[in-house]
Amino acid sequence: MLSVSSVVNKYKNIFVLSGEESFAYQSLSETLNAPLISQQEIEKIKEGFFLTWEDGRLTLFDAALPKKGLSVEFDVRCAEQPSWPAPKNGPLAQAMGRKTQTVIDATAGWGQDSFHIFRMGYQVHCIERSKVMAELLRDGLFRLEQQFWMQQLKLKSPKLIVGNAIEVLKRLDFTPDCIYLDPMFPAKRKKSALAKKAMVVLRKFVGNDEDRNELFSSAWHVAGRRVVVKSPGYAEPLGGKPHESCVGKLVRYDVYLK
């Protein structure tokens, strides 16, 4: 293991906290090119993030706030039945379109939109360029596939593709009906509005997606039927005037038809 001094000098963002299943931790450390350190060492680090398995979940902790971690969870809401496909209700379903079958979520993040789209019966591929987020997604998708209702219906989780979506879309060997974009827009400066911790962490890893215009252009050239952009209500439409907008309480879905 690396000493804390060498770790802090060389790596400032991400660490892997070792555990009993050493092979899994070592593999994760190599995948992320992140140092593998002990519990004693992690307690001396005051800045950055560390990954470890907790209760069978790959979990991300903020070294400054180590008591509560974040993991990718794909759980059906308490009031819902774990049926598949779920009813196509609401603005997101409206934005997807009736003839859509295949969807690429090009900005997967924590994967919640991918999961909701998948639940509605669409064939979903997820693209994520942050390697840290991708590993959290990979773990969440694996656990999703182990859920009883998934196995009972013999369903496979959405496919994960790791890389920059601008380049990944150019190399696709199929034409998706819909490409779904949920880029990070600059946060609205409002003192009374506190962003959720998950979104704060995501922004630290992916930034503000300054290349979102290029991403939209790439998606537009590749999509077979439509591009759907999820935006906060205050943001200008990413691709100019959309053909239609499906508006929810806090966000809207701008639809661009081919």
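The values are calculated or read from the model by the stated rules, or taken from the named source; none is laboratory data. On a predicted model such as this, the values are computed, not experimentally measured, just so you know. So basically every Cβ, Gly included, is an ideal-geometry build from the backbone, and we count neighbours across all protein chains shown.
For the reader, a short list of remarks on this structure follows.
- Tally, over the stretch 213-233, of residues that are surrounded by fewer than 19 Cβ atoms within 10 Å (Cβ to Cβ) and under 22 Å from the mean Cα position of the chain (by Cα): 6
- Residues of the stretch 86-98 classified as farther than 19 Å from Asp182 by Cβ and not in a loop (DSSP other than H, G, I, E, B), total: 0
- Taking residues in the stretch 112-124 that are touching a residue at least 12 places away in the same chain (Cβ under 8 Å), and partners anywhere that are assigned to a helix (DSSP H, G or I) and of a type in the set (Gly, Ala, Ser), the pairs with Cβ atoms closer than 8 Å and at least 6 places apart or on different chains are Met120/Ala93; Val124/Ser114.
- Of everything in the stretch 197-210 that is buried (at least 16 other Cβ atoms within 10 Å of the Cβ) and touching a residue at least 24 places away in the same chain (Cβ under 8 Å), the residue that is farthest from Leu250 (Cα to Cα) is Phe205.
- Residue that is farthest from Leu141 (Cα to Cα) [pool: residues in the stretch 47-78 that are outside any strand (DSSP E or B), of a type outside the set (D, E, K, R) and in contact with a Gly (Cβ under 8 Å, 6 or more places away or on another chain)]: Ala63
- Residues satisfying the stated conditions in the stretch 26-56, i.e. hydroxyl-bearing (Ser, Thr, Tyr) and either at pLDDT 90 or above or exposed (fewer than 10 other Cβ atoms within 10 Å of the Cβ) (or both): Ser27, Ser29, Thr31, Thr52
- Exclusive hit being assigned by TED's automatic domain parsing to the domain that holds Gly233, among the aliphatic types (A, V, I, L, M), at pLDDT 95 or above and farther than 28 Å from Pro85 by Cβ, set Ile179, Ile166: Ile166
- When residues in the stretch 225-237 are screened for being within 20 Å of Asn213 (Cβ to Cβ), part of a loop (DSSP other than H, G, I, E, B) and at pLDDT 95 or above, 0 of them pass.
- Residues (among the aromatic types (Phe, Trp, Tyr), out of contact with any helix residue (DSSP H, G or I) (no Cβ under 8 Å at 6 or more places or on another chain) and within 20 Å of Arg129 (Cβ to Cβ)) located in the stretch 205-258: Phe216, Trp220
- Test: residue in the stretch 99-109 that is of a type in the set (D, E, K, R), outside any helix (DSSP H, G or I) and without any contact (Cβ under 8 Å) to a residue 12 or more places away in the chain: no
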